[in-house]
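For reference, the structure is listed below as structure tokens.
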Amino acid sequence: PGPGLAVLTSWKDQPKETLLLAGKLPAGMTYHPDLSGDASRVAFAFCDHTERDSKLRGFSLYETSVDGSQLRRLTGGPSDPRVGAHGRQSVLVEDFDPCYLPDGGLAFISTRSQQFGRCHGGRYVPSYILYRADADGSNVRQLSFNEANEWNPSVLHDGRIIYTRWDYINRHDTVYQSLWVMRPDGTATGHFYGNNSRAPCMIAEAQAIPGS
């Protein structure tokens, strides 16, 4: 557990830290914030560490304004039953890696597909893939139908989602973890770069660079 989101001012010379979530959430871990296009809001994943059974601790999506006001929970609340694919509940549902979309929704990574990673023996290693929701966290739907893990969605200049995909279908078990793209509605899935490259074996956290 840590203090969570912070805003740094004068960060080039005399950084000053302002905590956004102090006293607003229980002790827990904050992960992977994403700034909205107008820079007014931050979406992030949060795991409540006050849950007594550590096996039931999981990440959900939250959002706050950049001044720390208007904090709200987007997924995992009373209106989200968090039931997995086909009603299965064999895997703890966790949502993380949120990414604002041009149409106002959010893309994120989730274990809602209720799948398991291969080659892990008896360990608990659920798969996590790409989903999306409306701006308020409602209308959750699956975008990807990959059977292995995916990470770090972000938006390209043309509005497509770029993300890392573990392409583990009739291929080497670890080498091919490369960049893929899809439209925000889940159509036109395809590899972006590196799907036939053995090195580097993983390309992650892609971000569009203005002017490039």
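Here are the numbers:
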item: Enclosed volume per residue, in Å³, of the convex hull spanned by Cα atoms of segment 170-212; result: 108
item: Sum of side-chain charges, E150 neighbourhood, beta-carbon under 12 Å (Lys, Arg +1; Asp, Glu -1); result: -2
item: Loop-located chymotrypsin sites (Phe, Trp or Tyr not before Pro) in segment 1-99, at most 10 other Cβ atoms within 10 Å (DSSP); result: W11
item: Environment charge of R165, counting only residues whose C-beta is closer than 14 Å and scoring Lys/Arg +1, Asp/Glu -1; result: -3
item: Calculated diffusion of the chain, Stokes-Einstein form, Kirkwood radius summed over Cα pairs, 20 °C and 1.002 mPa s, µm²/s; result: 118
item: Calculated diffusion of segment 1-79, Stokes-Einstein form, Kirkwood radius summed over Cα pairs, 20 °C and 1.002 mPa s, µm²/s; result: 160
item: Size of segment 66-170 as Cα extents on the principal axes (Å, biggest first); result: 45, 35, 25
item: GluC sites (Glu not before Pro) lying in DSSP loop within segment 7-67, provided at most 14 other Cβ fall within 10 Å; result: E51
item: Percent of alpha-carbon pairs separated by more than 21 Å within segment 44-120; result: 34
item: Within segment 138-212: Cβ-based charge dipole about Cα centre, in debye rounded to nearest 20 (Lys, Arg +1; Asp, Glu -1); result: 100
item: Dipole axis of segment 9-76 (+1 Lys, Arg; -1 Asp, Glu on Cβ), positive-most option in V42, S65, A22; result: A22
item: Accessible surface of the chain [probe 1.4 Å, protein heavy atoms]: carbon and sulfur percent; result: 52
item: Per residue value of the accessible surface for segment 114-212 (all protein chains in place, 1.4 Å probe), Å²; result: 53
item: Whole-number D in µm²/s for segment 94-150 (Stokes-Einstein; Kirkwood sum over Cα pairs; 20 °C, 1.002 mPa s); result: 181
item: Given charges at beta-carbon only (K, R positive; D, E negative), |dipole| of segment 10-160 in Debye; result: 500
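The values are calculated or read from the model by the stated rules, or taken from the named source; none is laboratory data. Because the structure is predicted, anything quoted here is derived from the model rather than measured. Methodologically, a virtual Cβ is constructed for each residue, glycine included, from the backbone with ideal geometry; neighbour enumeration extends over all protein chains shown. Keep in mind that these areas ignore ligands, DNA and RNA; they rest on the heavy atoms of the full protein, side chains included. Shrake-Rupley method; radii C 1.70, N 1.55, O 1.52, S 1.80 Å.
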